[in-house]
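A short worksheet on the structure shown next.
Nothing in this text is a laboratory measurement; each read-out follows from the coordinates by a stated rule. On a predicted model such as this, the values are computed, not experimentally measured, just so you know. Neighbour counts run over all protein chains shown; Cβ positions are idealised from the backbone, glycine included.
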Amino acid sequence: MFEFFSTLLPAHWLIAAFVLAILEALFPGAVFIWFSIAAALVSALSYVFGLGWQTQIVLFGLTALGSVAAWRVWRRAKPAQSPLPQLNRRAQQYEGQLCEVVDAIVNGSGKVRVGDTVWTVRGADAPVGARVRVVGADGTVLEVVLAAQSAP
């Protein structure tokens, strides 16, 4: 094993960087890319400074772990913002909408029509045909309140 390490060349690190970049492309997750960058950096520094194999291994380990740690800190400080935060939360998309009761709300449970879909709701008792406003959602159950009579 030591014999293998003692023959490490900058080209070996470059090949490792290429393989790790391909792995990142095949299995995206922002992990392999940091190891790929670390290998490319070690390749360049080894080529320029003629580093010994022990230094190359330590440098690779430090840069790989350091870059992963830095990435995680940066991502926590700046989380990804979705342009469509409600995309897979259909029930939350209806908050604020007025809808009509199609199955009377009795004992806090009933059904309303929102668009072309009938949803189960929770809220104050209301007769069929009453107008209610969606104020929230709990899973697939909409939470509603009676709409003001003066509202259009």
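Quick notes on this structure:
- Q97 sits among other residues whose Cβ lies under 13 Å from its own Cβ, and their net charge, with Lys and Arg +1 and Asp and Glu -1, is +1.
- Pairwise FRET efficiency - Q54 versus V19, Cβ, R0 = 30 Å, nearest 0.05: 0.85
- Using 0.36 nm per residue and subtracting the Cα-Cα separation, the extra length available between V135 and S109 on full extension is 7.9 nm.
- Over the range 28-78, the pair-distance histogram of Cα-Cα distances with 5 Å bins from zero comes to 5, 22, 26, 20, 13, 8, 5, 1 percent, rounded to whole numbers.
- Here's how it looks for A130: its modeled amide H is under 5 Å from those of V101, which are all 5 or more places away or on a different chain.
- Annotation: amide H-H contacts under 5 Å for S109 (H modelled 1.01 Å from N, sequence separation of 5 or more, or interchain): G123.
- Paramagnetic label reach from S6 (point 7 Å along Cα→Cβ; backbone nitrogen cut-off under 19 Å): within the range 29-61, residues 50-58.
- Compactness of the chain as Cα Rg over 2.2 N^0.38 Å, two decimals: 1.98
- Cβ-Cβ FRET estimate between L65 and R89, R0 fixed at 35 Å, reported to 0.05: 0.45
- Positive minus negative residues near L142 (Lys, Arg vs Asp, Glu; Cβ under 9 Å): -2
- For the chain, the longest principal axis of the Cα atoms and the long axis of helix 32-49 meet at an angle of about 20 degrees.
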